[in-house]
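Written out below as structure tokens is the structure these notes cover.
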Amino acid sequence: MMTGEFNQKGELVFEVSLIAADETITWAEAILDTGFTGWLLVNEQDAITLGWKWDIKPKIVQTAGNKTVFSVYEGILLIDKEEFIIPVLAGYRVKEILLGVRWLRFKRLVADFYAGVLTLG
């Protein structure tokens, strides 16, 4: 089970482990965004630095502002000591790493602001 925290804006923040192509592990903070229906959204440069496999076919996604074209990578995350190989959307204008609601198909989210409890597992 992953334990997270609520940031000053009240966002759901988790520390995720990103596994690079050379198998090194990088830890990063990610915000669980219930408006994002994918798995993971990262900055394009992060995906390149991790050496993730790039899919030649970009994906058009409707965002809160407009339709945006994202690159698609095959990323590897480590959550609860389990590796997940997932499609990752990436763009140069992405400022924060986002976890999408697809995780809720496999992981139970407990978000209790009052008690300060945030878990995904």
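Counted over segment 1-116 with a bin width of 10 Å, the fraction of Cα pairs per bin, in whole percents, is 13, 47, 32, 7, 0. Ordering of 61-74, 103-116 by packing is 61-74, 103-116, highest average first (other Cβ atoms within 10 Å, averaged per residue).
Remark: the chain carries 64 Å² of accessible area per residue (probe radius 1.4 Å; ligands, DNA and RNA excluded).
Is segment 81-121 rounded, prolate or oblate when judged by the Cα gyration tensor, a ≥ b ≥ c being the square roots of its eigenvalues, rounded requiring a/c under 1.5 and prolate requiring a/b larger than b/c? Here segment 81-121 falls in the oblate category.
In the chain, carbon and sulfur make up what percent of the accessible area (probe 1.4 Å)?
53 percent
Cross-link pairs exceeding 21 Å in C-alpha to C-alpha distance, out of Lys9/Lys81; Lys81/Lys107; Lys57/Lys81, comprise Lys9/Lys81; Lys57/Lys81. With Cα atoms defining each centre, segment 20-48 and segment 100-118 are spaced 18 Å apart in the structure. In a Gaussian network model over the chain where Cα atoms closer than 10 Å are linked, find which of Trp52, Trp27, Trp39 has the largest mean-square fluctuation. For the chain, modelled as a Gaussian network with Cα springs under 10 Å, the answer is Trp27.
The values are calculated or read from the model by the stated rules, or taken from the named source; none is laboratory data. Treat the numbers as computed from the prediction; the structure is a model and nothing was measured. Glycine also receives a Cβ, built like all others from the backbone with ideal geometry; neighbour counts cover every protein chain displayed. Just the protein is used for accessible areas: all its heavy atoms, side chains included, with ligands, DNA and RNA removed. Shrake-Rupley method; radii C 1.70, N 1.55, O 1.52, S 1.80 Å.
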